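*Asks:* The structure is given below, and queries will be raised subsequently.
The values are calculated or read from the model by the stated rules, or taken from the named source; none is laboratory data. Being a predicted model, the structure only gives us computed values, none of them experimental. Ideal geometry is used to build each Cβ from the backbone, glycine not excepted, and the neighbour counts take in all protein chains shown. Side chains are part of the model used for accessible areas, which takes the heavy atoms of the whole protein and leaves out ligands, DNA and RNA. Shrake-Rupley method; radii C 1.70, N 1.55, O 1.52, S 1.80 Å.
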Amino acid sequence: MEEGGTGGCRMKIVADRAVCVGAGMCVMTAPEVFDQGDDGLVVTLIEEVAAGRLDAVRRSVALCPSKALRVLDD
Ligand code: SF4
């Protein structure tokens, strides 16, 4: 599969730090997209996901134990 892609749709990542419990599943699953701040809570490194990274991001959304992550259609 091609990484990046130009003509595809772009998805926006929304991470709710008020809900995040700092489990780090998202960081382990998609380290190029998510990080954890000094407080242990999620930090998004990019706002829009290219098509090639969607699978990893969707996996992170599914694995997040506090349901703090969402992917929105642009
Ligand atoms: S997986 Fe969910 S709870 Fe864990 S750090 Fe990521 S957003 Fe926070």
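*Asks:* Of all residues in region 52-74, how many are away from the ligand (no atom under 12 Å from the Cβ) and either touching a strand residue (DSSP E or B) at 6+ places or on another chain (Cβ under 8 Å) or free of Cβ contacts under 8 Å to residues at least 24 places away in the same chain (or both)?
*Replies:* 7
*Asks:* Here's a follow-up. Within the bounds of region 24-37, is there any residue that is open to solvent by less than 90 Å² (accessible area, probe 1.4 Å), charged (D, E, K, R), within 11 Å of the ligand (Cβ to nearest atom) and modelled with pLDDT of 95 or more?
*Replies:* yes
*Asks:* Moving on to the next point. Looking at G52 and the list (1) open to solvent by 30 Å² or more (accessible area, probe 1.4 Å); (2) modelled with pLDDT under 95, which single condition is not satisfied?
*Replies:* Result: G52 passes all but (1).
*Asks:* Shifting gears a bit: Keeping to region 1-23, report how many residues are open to solvent by less than 50 Å² (accessible area, probe 1.4 Å), modelled with pLDDT of 95 or more and out of contact with any Lys or Arg (no Cβ under 9 Å at 6 or more places or on another chain).
*Replies:* Count: 2.
*Asks:* For L41, state whether it is open to solvent by 30 Å² or more (accessible area, probe 1.4 Å), modelled with pLDDT of 95 or more and in contact with a Cys (Cβ under 9 Å, 6 or more places away or on another chain).
*Replies:* Yes; evaluated as a whole, the condition is true for this residue.
*Asks:* Under 8 Å between Cβ atoms, which residue pairs at least 6 apart in sequence (or on different chains) link something in region 11-32 that is at positive phi with a partner that is surrounded by 13 or more Cβ atoms within 10 Å (Cβ to Cβ) and among the hydrophobic types (A, V, I, L, M, F, W, C)?
*Replies:* Final answer for the pair search is G22/L41; G22/V42.
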